[in-house]
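See below for the structure under consideration.
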Amino acid sequence: MSTPEDGVQAARIEAVVRTVLASLDGDLTSKEMVMLGELEELGRTIRRAKSEIAALRVDDIKDSHIPNATDELDAIVAHTAAATNEILDCCEVLEVMQPRVGETEAELLRQVTTRVYEACSFQDITGQRIAKVVSALHAIERRVSLVLETFAADGGRLADEMAPADAVLPVVLENGPQLPGVAMPQAEIDRLLASFD
Amino acid sequence: MALDTRTNVLIVDDYKTMLRIIRNLLKQLEFDNVEEATDGQEALAKLRQGNFGLVISDWNMQPMTGLDLLRHVRADPRLKDTPFIMITAESKTENVVAAKQAGVSNYIVKPFNAETLREKIEKVLGHVNA
């Protein structure tokens with residue numbers, strides 16, 4: 001991770017390059033010419049990096065891009081929650097109907113409502129995954145701020161204004177849901193638990 | 001093995017839709033005595049006031065997590081033997097081990113199905129009744 005000390009070092013490197021370039025006068029050997037060329041290129045690279053970082057418009061990232069992205073994600077959670085509750089309402093109506101139909105039909109209704117209940121738990125996992133994405137967005141925001149603080153003249157002010165990512169998280173997760181293929185399946189959890197007995 | 005569906009069950013989750021799903025699945029298993037809490041603190045208060053034979057809890061809740069709730073339950077002389085099933089999306093080995101060390105009776109990883117829920121309830125209640 002970049003630190004304010006890195007910014008000081010970058011400024012010192014640039015100062016050293018300028019000093020060395022200024023001290024080189026008179027006839028130069030071919031070796032010195034190569035070194036001069038490399039130093040000039042290094043100086044240009046540093047200047048270009050500084051101007052590119054200054055042009056990042058971190059205010060947009062902080063004030064617009066990240067809040068917009070988190071608002072959109074919040075809207076996804078709200079809409080899917082509303083839809084899930086609507087589906088659950090319908091399932092509960094189907095359950096009320098069960099005693100009024102034949103035994104075979106009632107069993108079929110029970111089976112399909114069970115499957116719907118199982119499927120609806122996607123909403124909880126989705127909410128937790130989105131919380132992880134929001135956390136990642138805030139981490140990006142913090143990193144951008146640190147880079148600006150390191151290389152751009154007024155970056156420190158922006159970094160100071162930004163709250164630590166953890167302070168704005170809506171949900172605190174231990175680790176949160178793992179990706180399919182990475183998550184430990186139920187059978188493996190059962191084996192792990194049994195190993196304690 | 002037949003389930004004792006007269007058992008008072010406390011389900012704990014900060015996500016109301018999940019409470020509704022678990023309650024409905026329990027209803028299909030013919031558990032009618034089901035109460036809800038939305039975090040560990042509320043659950044602990046209900047457990048201390050009531051007479052519950054089973055706790056089914058999420059992990060990630062604020063201000064008190066499911067793991068902290070489990071530790072409080074196991075530390076309480078009156079509640080310490082209450083069967084406790086954790087239902088969570090946390091599936092890392094370290095989480096399962098931490099829950100087991102805290103005294104969890106069983107552990108279900110989300111997303112889960114009704115059969116897994118029935119099986120784990122049967123196992124922990126059967127163990128208590130045996």
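The values are calculated or read from the model by the stated rules, or taken from the named source; none is laboratory data. The model shown is predicted, which means the values in this text are computed figures rather than measured ones. Methodologically, a virtual Cβ is constructed for each residue, glycine included, from the backbone with ideal geometry; neighbour enumeration extends over all protein chains shown.
Computed quantities for the displayed model
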quantity: Identity of the residue in region B:114-130, closer than 19 Å to A:Ser121 by Cα and in contact (Cβ under 8 Å) with a residue 40 or more places away in the chain, that ends up farthest from the other protein chains (Cβ to nearest Cβ); calculated: B:Ile121
quantity: Any hit, region B:95-113, residues being away from every other protein chain (no Cβ under 14 Å), in contact with a Phe, Trp or Tyr (Cβ under 8 Å, 6 or more places away or on another chain) and modelled with pLDDT of 95 or more; calculated: no
quantity: Residue within region A:27-38 that is over 30 Å from B:Arg20 (Cα atoms), at pLDDT 85 or above and of a type in the set (Lys, Arg) present; calculated: no
quantity: Residue match in region A:41-49 (condition: acidic (Asp, Glu), out of contact with any Pro (no Cβ under 8 Å at 6 or more places or on another chain), assigned by TED's automatic domain parsing to the domain that holds A:Thr126 and in a helix (DSSP H, G or I)); calculated: no
quantity: Only one of A:His79, A:His65 that is under 26 Å from A:Ile140 (Cβ atoms) and surrounded by fewer than 11 Cβ atoms within 10 Å (Cβ to Cβ); calculated: A:His79
quantity: When residues of region B:98-124 are limited to those that are under 14 Å from A:Gly176 (Cα atoms) and of a type outside the set (A, V, I, L, M), the one surrounded by the most Cβ atoms within 10 Å (Cβ to Cβ); calculated: B:Lys110
quantity: Candidate set from region B:1-28 (those that are of a type in the set (Lys, Arg) and either in a helix (DSSP H, G or I) or within 14 Å of chain A (Cβ to nearest Cβ) (or both)); member that is surrounded by the fewest Cβ atoms within 10 Å (Cβ to Cβ); calculated: B:Lys16
quantity: Residues of region B:36-59 satisfying the condition of being in contact with a helix residue (DSSP H, G or I) (Cβ under 6 Å, 6 or more places away or on another chain) and in a strand (DSSP E or B); calculated: B:Glu36, B:Ala37, B:Ser57
quantity: Index of the failed condition, A:Glu107 passing every other in (1) at the interface with chain B (Cβ under 8 Å from one of its Cβ atoms); (2) farther than 20 Å from B:Asp14 by Cβ; calculated: (1)
quantity: Test: residue in region A:112-133 that is closer than 26 Å to A:Val77 by Cβ, part of a helix (DSSP H, G or I) and in contact (Cβ under 8 Å) with a residue 60 or more places away in the chain; calculated: yes
quantity: Some residue of region A:94-102 being farther than 25 Å from B:Asp58 by Cβ, part of a loop (DSSP other than H, G, I, E, B) and outside the structural domain of A:Leu21 (by TED's automatic domain parsing); calculated: yes
quantity: Some residue of region B:40-54 being of a type in the set (Asp, Glu) and free of Cβ contacts under 8 Å to residues at least 40 places away in the same chain; calculated: yes
quantity: Residue under evaluation B:Gln62, criteria (1) within 22 Å of A:Ile189 (Cα to Cα); (2) of a type outside the set (Phe, Trp, Tyr); (3) out of contact with any Phe, Trp or Tyr (no Cβ under 8 Å at 6 or more places or on another chain), criterion not met; calculated: (1)
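Every residue, every condition in (1) buried (at least 20 other Cβ atoms within 10 Å of the Cβ); (2) not hydroxyl-bearing (Ser, Thr, Tyr), yes or no:
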{"position": "B:Glu30", "(1), (2)": "no, yes"}
{"position": "B:Ala43", "(1), (2)": "yes, yes"}
{"position": "B:Ser57", "(1), (2)": "yes, no"}
{"position": "B:Arg74", "(1), (2)": "no, yes"}
{"position": "B:Leu79", "(1), (2)": "no, yes"}
{"position": "B:Thr93", "(1), (2)": "no, no"}
{"position": "B:Val96", "(1), (2)": "yes, yes"}
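Residue-by-condition table, conditions (1) touching a residue at least 40 places away in the same chain (Cβ under 8 Å); (2) more than 20 Å from A:Thr150 (Cα to Cα):
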{"site": "A:Ala22", "(1), (2)": "no, yes"}
{"site": "A:Gly37", "(1), (2)": "no, yes"}
{"site": "A:Arg44", "(1), (2)": "no, no"}
{"site": "A:Ala54", "(1), (2)": "yes, no"}
